[in-house]
Amino acid sequence: MKAVILAAGLGKRMGGIPKPLLKVGGLEIILRTMKLLQPYVDEFIIVASVHFNKIDRFLEKYNFDYKIICNKYPERGNGYSLLLASEFVNGKFVVVMGDHVYSREFINEAIKKVGLIGDKNPKFVDIQESTKVKVREGKVADIGKELEIYDCVDTGFFVMDSNIFSKLNGLSELEFISISDIAKYLQIPVSYVNGKFWLDIDTKDDLKRGNLLLIKNSVKIVGDGFISRILNRKISTRISALTANWANPSHFTFL
């Protein structure tokens, strides 16, 4: 099975740094995602834009089988990025956002599902800023951030089949197309992974919150040795958060 990572954002809110290369909890977002998906995926298709060389140089240090596609028109939306990947996938494949952080528990459950993976009980994201999904008969009926009545939140994780691309001829010519547009147009199935850790890193505040959440979980699971025994746990967590971007990634769990 292949995985498509949509990573064509320009990183304007992050000072020009590609969001997939931002470190959260000691690991770059894209590295964390690929390591978690690696047991299930034989090849990664990464759709990037002006930063594709930076992402390529970073990933070539690791043992991944991957291709990078350059989206020259990222302003056309992440749905357009997905269309660019169509010739490289066959059969069942996964789609993930390049700026989302997922836990091992989430990935292990989501990979077995089908369609848009929704969360009925999101615990870690800002609901107001999240993409909501209205479900009818197990399929996407409506989707968008502005929905007032909805059944779940879109986690940015999809399990699809390549036959969807033959049904998208009417959308491919649009000036802008999002993956939400595709989900609604095709009325794709909705499956659920509820209450597990996942986070959309959209702003610097999201980045700070992601670091704290991952570090707190690492402290909870594996402890933090001398610091946890000698200092107050709250202080310990703050120190761990300060070291998150330079510490050895092996010090941190995948949740």
Which one is surrounded by the fewest Cβ atoms within 10 Å (Cβ to Cβ), of the residues in the stretch 117-145 that are farther than 23 Å from residue 206 by Cα and touching a Pro at 6+ places or on another chain (Cβ under 9 Å)?
138
Within the bounds of the stretch 160-167, is there any residue that is closer than 24 Å to residue 40 by Cβ, of a type in the set (A, V, I, L, M) and either in a helix (DSSP H, G or I) or under 15 Å from the mean Cα position of the chain (by Cα) (or both)?
yes
Kindly establish whether residue 181 is under 20 Å from residue 29 (Cα atoms) and either assigned by TED's automatic domain parsing to the domain that holds residue 71 or not hydroxyl-bearing (Ser, Thr, Tyr) (or both).
no
Criterion violated by residue 79 - all others in (1) surrounded by fewer than 23 Cβ atoms within 10 Å (Cβ to Cβ); (2) in a strand (DSSP E or B); (3) not acidic (Asp, Glu) satisfied:
(2)
Looking for something assigned to a helix (DSSP H, G or I), crowded, with 21+ Cβ neighbours inside 10 Å and modelled with pLDDT of 95 or more - is there at least one such residue anywhere in the stretch 59-76?
no
For the stretch 82-116, which positions are among the aromatic types (Phe, Trp, Tyr) and either buried (at least 19 other Cβ atoms within 10 Å of the Cβ) or modelled with pLDDT under 95 (or both)?
93, 102, 106
Residue tally, condition outside any strand (DSSP E or B) and without any contact (Cβ under 8 Å) to a residue 60 or more places away in the chain, over the stretch 32-57:
14
Go through the stretch 189-218 and report how many residues are over 18 Å from residue 23 (Cα atoms) and either of a type in the set (Gly, Ala, Ser) or modelled with pLDDT under 75 (or both).
2
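The values are calculated or read from the model by the stated rules, or taken from the named source; none is laboratory data. These numbers were taken from a predicted model, which means no experiment stands behind them. Neighbour counts run over all protein chains shown; Cβ positions are idealised from the backbone, glycine included.
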